[in-house]
Amino acid sequence: MAAADSVSPDVPAETLVWLATEPEGGRDGGRYFYLKAEETPTEAAQDDAAAARLWAESETLLSKLGF
């Protein structure tokens, strides 16, 4: 059962379809969008050290699974 404050999958899907079909969406990579509007990612999302740790841990876990 979904949480009372959750959104329908259609809501985020609208932004993905918009990005895939509109010229604005394909203009540049590396941008973050929410509800069809460009947003500035949080500080946590821009933390290169955290990204490196996540990448390393993902590689470790995947290698244990044979990938």
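Among residues of the range 39-67 that are within 26 Å of GLY25 (Cβ to Cβ), those with a beta-carbon under 6 Å from a residue that is surrounded by 10 or more Cβ atoms within 10 Å (Cβ to Cβ) at least six positions away or on a different chain give the pairs GLU39/TYR32; PRO41/TYR32. Of the residues making up the range 21-34, those that are more than 13 Å from the chain's Cα centre (by Cα) and either acidic (Asp, Glu) or modelled with pLDDT under 90 (or both) are GLU22, PRO23, GLU24, GLY25, GLY26, ARG27, ASP28.
The values are calculated or read from the model by the stated rules, or taken from the named source; none is laboratory data. Just so you know, these numbers come straight off a predicted model, no measurement behind them. Counting neighbours? That spans all protein chains shown, and the Cβs are built from the backbone with ideal geometry, glycine included.
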